[in-house]
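**Q** Quick one: structure below, then a few questions.
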Amino acid sequence: MYQIAPSLLSADFVNLERDIRMVEQAGAHMLHIDVMDGRFVPNITIGVPVVQAIKRVATTPCDVHLMIVEPEKFIDAFCDAGADILTIHAEATPHVHRALQAIRARGVRAGLALNPHTPLSVLEEVIEDVDLVLIMSVNPGFGGQAFIPNTLDKLRRLRRLLEARGHAERILVEVDGGVKYDNIDAVAAAGAQVLVSGSGIFKADDPAAMIGAMNEKLQGLAAREAAA
Ligand code: DX5
Ligand code: ZN
């Protein structure tokens, strides 16, 4: 099943509860929450207290994307805040294996994110330790950037890797950056099950209708894939 994860970075922060309820009622499957520290990426966004607040009103899983250096220092804090999926960047720590283990030890699903330049090979030695792989389709830091076309080929290669290693059913593949109505089916067909979209949803004239339209497109793709 394909899943839509609206990125709250593009929501109206004054009306965050309203926007969360709106996307959930419209058919979003999880809430993508972008945590940035001004060091790993050139921007500062959401921190622990805001994740706690989101958790109080969320009815779908909180998918927390840490774009911070030394993520291991904050694993407990974000698990306590209510993360259901906690994703760290492979480039952000020399201790990826330890960090993934620490997330799982808290009973939270462990995600590993790869920047556009990071080869899939970094995954090979920790493939048993991840529940989700997040492929960045922009350079992290900001919403509203253009999708990097090479991502489609990277997704196809990732799918082959997961199949070869016997993890295709277990590990979720998520794509983040520049995903919109126009390319969402191509991104899904290339091998992503979780589609993050920020500006593609919140900057639409009718964000709720946009989620409906995206879901319809993905259901059409799933039906064609099942029939093939
Ligand atoms: C970028 C963030 C994304 C961002 C996506 O660094 O990780 O989640 O909000 O926004 P769009 O969909 O607008 O590219
Ligand atoms: Zn993100």
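The values are calculated or read from the model by the stated rules, or taken from the named source; none is laboratory data. What you see is a predicted model, and the numbers here were worked out from it, not measured in a lab. A quick note on method: Cβ atoms are made from the backbone with ideal geometry, for glycine too, and the neighbour counts reach across all protein chains shown. Side chains included, ligands, DNA and RNA excluded: accessible areas come from the protein's heavy atoms. Shrake-Rupley method; radii C 1.70, N 1.55, O 1.52, S 1.80 Å.
**Q** What pairs can you find where one residue is in the stretch 173-202 and within 18 Å of residue 9 (Cβ to Cβ), the other is open to solvent by 10 Å² or more (accessible area, probe 1.4 Å) and of a type in the set (Phe, Trp, Tyr), and their Cβ atoms are less than 6 Å apart, with a gap of 6+ or different chains?
**A** From residues that are within 18 Å of residue 9 (Cβ to Cβ), the pairs are 178/147.
**Q** What are the residue pairs meeting all of these: first residue in the stretch 86-108, first residue open to solvent by 60 Å² or more (accessible area, probe 1.4 Å), second residue aliphatic (A, V, I, L, M) and outside any loop (DSSP other than H, G, I, E, B), Cβ atoms under 6 Å, and 6 or more apart or on different chains?
**A** 97/126; 104/110
**Q** Still on this structure: Tell me which of these residue 124 doesn't satisfy, since it passes every other one: (1) touching a strand residue (DSSP E or B) at 6+ places or on another chain (Cβ under 8 Å); (2) of a type in the set (Asp, Glu); (3) without any contact (Cβ under 8 Å) to a residue 60 or more places away in the chain.
**A** Failed condition: (1).
**Q** Please count how many residues of the stretch 59-81 are touching a helix residue (DSSP H, G or I) at 6+ places or on another chain (Cβ under 9 Å) and either open to solvent by less than 30 Å² (accessible area, probe 1.4 Å) or under 15 Å from residue 100 (Cβ atoms) (or both).
**A** Final tally of qualifying residues: 15.
**Q** Shifting gears a bit: Looking at 134, 112, 152, 172, which one is within 12 Å of ligand 1 (Cβ to nearest atom) and open to solvent by less than 50 Å² (accessible area, probe 1.4 Å)? Explain how you work it out, then say what you get.
**A** On the way: 112 fails: within 12 Å of ligand 1 (Cβ to nearest atom); 152 fails: within 12 Å of ligand 1 (Cβ to nearest atom); 172 fails: within 12 Å of ligand 1 (Cβ to nearest atom).
Exactly one of 134, 112, 152, 172 is within 12 Å of ligand 1 (Cβ to nearest atom) and open to solvent by less than 50 Å² (accessible area, probe 1.4 Å), namely 134.
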